[in-house]
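What follows is calculated from the coordinates using simple rules that are stated; it is not laboratory data. Note that the structure is predicted; figures quoted are calculated from it, not measured. Glycine also receives a Cβ, built like all others from the backbone with ideal geometry; neighbour counts cover every protein chain displayed.
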Amino acid sequence: MSKPVLHGISSSRAFRSIWAIEEAGIDYEHVPTSFREDSKQPEYLAVNPNGRIPALVDGDLKLFESMAINMYLARKYAPQLLPGDLEGEALTFQWSVWGISEIEPLQMQIVVQRFFVPDDRKDEKVEQQAARGLQRPLGVLNDHLASGEYLLGDKFMLADLNLAGVMELLNMIQFDLSSWPNVSRWLDACRSRDSYSRAKQVGM
Ligand SMILES: N[C@@H](CCC(=O)N[C@@H](CS)C(=O)NCC(=O)O)C(=O)O
């Protein structure tokens, strides 16, 4: 049987799926497809017609969207990362979807301002507004983490990997989380996993 193939580089949103496949501990092939020209080549567009990374190929399955890839990897190769019941799986979806809908668009605005907008077109207000917008979801997360070490209790699960993976961009921009100490503590715990360090070193 062929190995699963994961496309993407760790200095991008593909990091989330590289982290998941490393955490799953399976033998896989990594193709360091970048988010620039590589992802616009016909061979890659046949895998992910969106021309974005990450993407996974496993046998006949071609899959895009980091959260879907991670859910699939956990279900197939690392079920210990998922709670064994419907309610726990629903909470895994909840935190994963929450990350990409409540946190991602705001943090991306800051990333875009910092790294992609030319100096003469940067607008400080965009960054300030995004930082203000992040206060509410970060407050919700901080309150939730007051009663448990991890999102679903006392064990690191896929829900943690997915959300901490999404929030890796906040790490990249060194966003000050000192007002949300439970979030900081939880992110430190997630980032202390060996799989996180290995994923960081995979195909920058
Ligand atoms: N929702 C997608 C986002 C993927 C995404 O936007 N990846 C960026 C890299 S951070 C990309 O490939 N950009 C290239 C482009 O938009 O042309 C996921 O989570 O997989």
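Normalised by the number of residues in the stretch 83-193, what is the relative contact order in percent for Cα pairs under 8 Å and 6+ residues apart? Please list the in-between numbers first.
Values: 85 pairs, mean separation 36.6, N = 111.
Relative CO of the stretch 83-193 lands at 33 percent.
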As a test of the formula, what do you get for the chain when each DSSP H run with n ≥ 4 contributes -39,500 (n - 2.57) and the sum is divided by the residue count, at 222 nm and rounded to the nearest 500 deg cm²/dmol? -14500 deg cm²/dmol
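About the Cα centre of the stretch 136-191, what is the dipole size in debye to 20, counting +1 per Lys and Arg Cβ and -1 per Asp and Glu Cβ, all else neutral? Don't skip to the answer; put the middle values down first.
Values: 4 positive and 7 negative charges, 12 e Å.
The calculated dipole for the stretch 136-191 is roughly 60 debye.
How large is the translational diffusion coefficient of the stretch 1-150 in µm² per second when you combine the Kirkwood radius over alpha carbon pairs with Stokes-Einstein at 4 °C and 1.567 mPa s?
Numbers: Rh = 17.3 Å.
Taking Rh from Cα pairs, D becomes 75 µm²/s.
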Alpha carbon centroid spacing (whole Å) that separates the stretch 127-204 from the stretch 1-56: 22 Å
Too long at a 27 Å Cα-Cα cut-off: which of Lys122/Lys200; Lys76/Lys200; Lys40/Lys200; Lys155/Lys200? Lys122/Lys200
With charges only on Cβ, +1 for K and R and -1 for D and E, what is the dipole size of the chain about its Cα centre, in debye, rounded to 20? 300 debye
For a Förster distance of 35 Å, can you work out the FRET efficiency between the beta-carbons of Arg114 and Asp27, rounded to the nearest 0.05? 0.45
HN-Hα J in Hz across the stretch 145-158 - Karplus 6.51, -1.76, 1.60, θ = phi - 60°, x for Gly and Pro: 7, 5, 10, x, 5, 10, 4, 10, x, 9, 10, 5, 10, 4
Go through Phe64, Phe175, Leu141 and say which Cα lies farthest out towards the positive end of the charge dipole of the chain; charges sit on Cβ, +1 for Lys and Arg, -1 for Asp and Glu. Phe175
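Taking only Cα atoms of the stretch 83-193, what ratio of Rg to Rh do you get with Rh as the Kirkwood inverse-distance radius?
Taking Rh as the inverse mean 1/r over Cα pairs, Rg/Rh reads 1.01.
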